[in-house]
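Let me begin by presenting the structure, written as structure tokens, before commenting on it.
The values are calculated or read from the model by the stated rules, or taken from the named source; none is laboratory data. All values derive from a computational prediction rather than experimental measurement. With ideal geometry, Cβ positions are generated from the backbone for all residues, glycine too; neighbour counts draw on all protein chains shown. Protein only, heavy atoms only, side chains kept; ligands, DNA and RNA dropped before computing areas. Shrake-Rupley method; radii C 1.70, N 1.55, O 1.52, S 1.80 Å.
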Amino acid sequence: MDYRVQAADAAKPNVLFLFTDDQRADTIAALGNPHIKTPNIDELVRSGFVFNNAYCMGSTMPAVCNPSRHMMHSGMSLFRYDPKQIEGTFGETMKRAGYTTYHESKRGNTARKYHTAFDHSQYLNDQAERTSGHHGRTIANHAVKFLKDYDRDNPFFMYLGFAGPHDPRVAAEEWKALYDPAELPLPENYKPLHPFDNGEMVIRDEQLAPWPRTEETVREHLRDYYACISSIDFNIGRIIATLKETGQFENTIIVFSSDHGLAVGSHGLFGKQSLYEHSMKAPLIFSGPGIPHGQSEAFCYLFDIFPTVCDLAHVPIPAGLDGKSLSPVIDGKSTGVRDDIFLAYRNVMRGVRHGDWKLIRYPQVNVTQLFNLREDPLELHDLSESDQEQTDRMMTLLIKQQSVYDDKQPLIVENPQPATITVEMINKAAEQAANKKRKVKRRK
């Protein structure tokens, strides 16, 4: 592996990377959501630097969390990461630079080879953690012990991949009591039903609630979602308190993010298998020594976190990454490192954003959407037919971005499926999917 510099420096800052699962970018009180309680993450916002346009590039499978983590750990884009890679991954790069590396995360969503570079590595029991009532407690218990026992001769790099607020969202009463479903506002882009078949209408995530989506059901899900996030926030507070108690806080860079967002009723959807902002954007905060307080609208991907942390920690960045360091934006030397954002989900969706404009193409059903996100941040008003000139420009840009990122998916198919969708059609398709799943289980 070709590195720009080869050196280890014991004076380097510690790095604590906190990574949640399925957390929307708009679920932090200090970033404008007055209905959620996140006091510890709020402190990171108040002391650190926030990127308001951080995207997961997408996924080649329904489990969006899997490619998202592979991209983040490898610094490579969706169609280029190698799950068998060992050298030059995030953990290996930090270890090579002299860091003691620590990993704990959910099992099965990142190649084990990526974790071989961690000196301390363990996995959560996802189901047990998510049904315990206390999301984040297990990781916090282990992290607190590690920090209290830590030999401080070398800096540490801790990657903590929480199992929540991914479903099943079982929250203890102390967290649920923080929220009254009747007082929680619906997402402003709530719909009872998605207006057309997006290619993933009956995926597992979409079957968490019946169709049509009702306001009462969405509010109940939001209450549980927020409660789990508040539980994680509390346990993040425990970890940060331990950093302070052990005298390590002032020399620790803290990064907070998530693998992608979630619909939870937006656009009539419940999962992350779409290219809307609520599903592909995640919170991204950097806080710690040398990091100024501020916010940026600069476009970035989650796989930019890897080289950014390297820059902030004065660690050599492996050559050839698709990820780009965001440190010039944090330092105020640049307003951005990317002009465009390319998005992809399986063979059913492709998208591109440039400036205020965003286009989503659904090749299997021959549907195109065009949004002006400055005027319509909730993606409710499709302009693809009324502004054909802009649609054509964005389609051209999308094709170009496909080439940049080695995406071979055609944007037009010979025999597109019908885009029309009804509640009856979805229920029938869901039942067929359930029957197929039962048959597969019986064969096993």
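Observations on the model:
- Members of the range 8-27 that are more than 13 Å from Gly288 (Cα to Cα) and either of a type in the set (Ser, Thr, Tyr) or open to solvent by less than 60 Å² (accessible area, probe 1.4 Å) (or both): Leu18, Phe19, Thr20, Asp21, Asp22, Gln23, Arg24, Ala25, Thr27
- For the range 208-219, the tally of residues that are in a helix (DSSP H, G or I) and either open to solvent by 10 Å² or more (accessible area, probe 1.4 Å) or more than 27 Å from Pro192 (Cα to Cα) (or both) stands at 5.
- Identification of strands (runs of 3 or more DSSP E) wholly contained in the range 14-119 with 1 or more residues that are modelled with pLDDT of 95 or more and hydrophobic (A, V, I, L, M, F, W, C) yields 14-20, 49-55.
- Annotation: Thr131 fulfils all but one of (1) modelled with pLDDT under 95; (2) out of contact with any helix residue (DSSP H, G or I) (no Cβ under 9 Å at 6 or more places or on another chain); (3) more than 20 Å from Gly91 (Cβ to Cβ); the unmet one is (1).
- Within the span defined as the range 226-247, one or more residues are touching a Pro at 6+ places or on another chain (Cβ under 6 Å), buried (at least 21 other Cβ atoms within 10 Å of the Cβ) and on the phi < 0 side of the Ramachandran plot.
- All positions within the range 220-276 that are assigned to a strand (DSSP E or B) and either under 17 Å from the mean Cα position of the chain (by Cα) or not hydrophobic (A, V, I, L, M, F, W, C) (or both): Thr252, Ile254, Val255, Phe256, Ser257, Ser258, Ser266
- Scan of the range 72-91 for residues that are open to solvent by less than 30 Å² (accessible area, probe 1.4 Å) and under 30 Å from Arg152 (Cα atoms), ordered by number: Met72, His73, Ser74, Gly75, Gly88, Thr89, Phe90, Gly91
- Only one of Asp376, Asp382 that is more than 22 Å from Ile203 (Cβ to Cβ), modelled with pLDDT of 95 or more and in contact with a strand residue (DSSP E or B) (Cβ under 7 Å, 6 or more places away or on another chain): Asp382
- When Asp304, Asp331 are screened for being among the acidic types (Asp, Glu), open to solvent by less than 10 Å² (accessible area, probe 1.4 Å) and modelled with pLDDT of 95 or more, only Asp304 passes.
- Residues of the range 28-41 classified as open to solvent by 10 Å² or more (accessible area, probe 1.4 Å) and in contact (Cβ under 8 Å) with a residue 12 or more places away in the chain, total: 7
- At least 3 residues being out of contact with any helix residue (DSSP H, G or I) (no Cβ under 6 Å at 6 or more places or on another chain) and open to solvent by 10 Å² or more (accessible area, probe 1.4 Å) is the threshold, and among the strands (runs of 3 or more DSSP E) wholly inside the range 347-417 those reaching it are 367-372.
- Check on Gly320, surrounded by fewer than 22 Cβ atoms within 10 Å (Cβ to Cβ), at positive phi and out of contact with any Leu (no Cβ under 7 Å at 6 or more places or on another chain): yes
- Those residues of the range 366-386 which are more than 16 Å from Val352 (Cα to Cα) and more than 27 Å from the chain's Cα centre (by Cα), in sequence order: Asn366, Glu385, Ser386
- Gly136 vs. criteria touching a residue at least 60 places away in the same chain (Cβ under 8 Å) and open to solvent by 10 Å² or more (accessible area, probe 1.4 Å): no
- Per-region count, the range 309-325, residues in contact (Cβ under 8 Å) with a residue 40 or more places away in the chain and over 22 Å from Phe79 (Cβ atoms): 7
- In summary, Lys113 fulfils each of the numbered conditions (1) touching a residue at least 60 places away in the same chain (Cβ under 8 Å); (2) open to solvent by 20 Å² or more (accessible area, probe 1.4 Å) with the single exception of condition (1).
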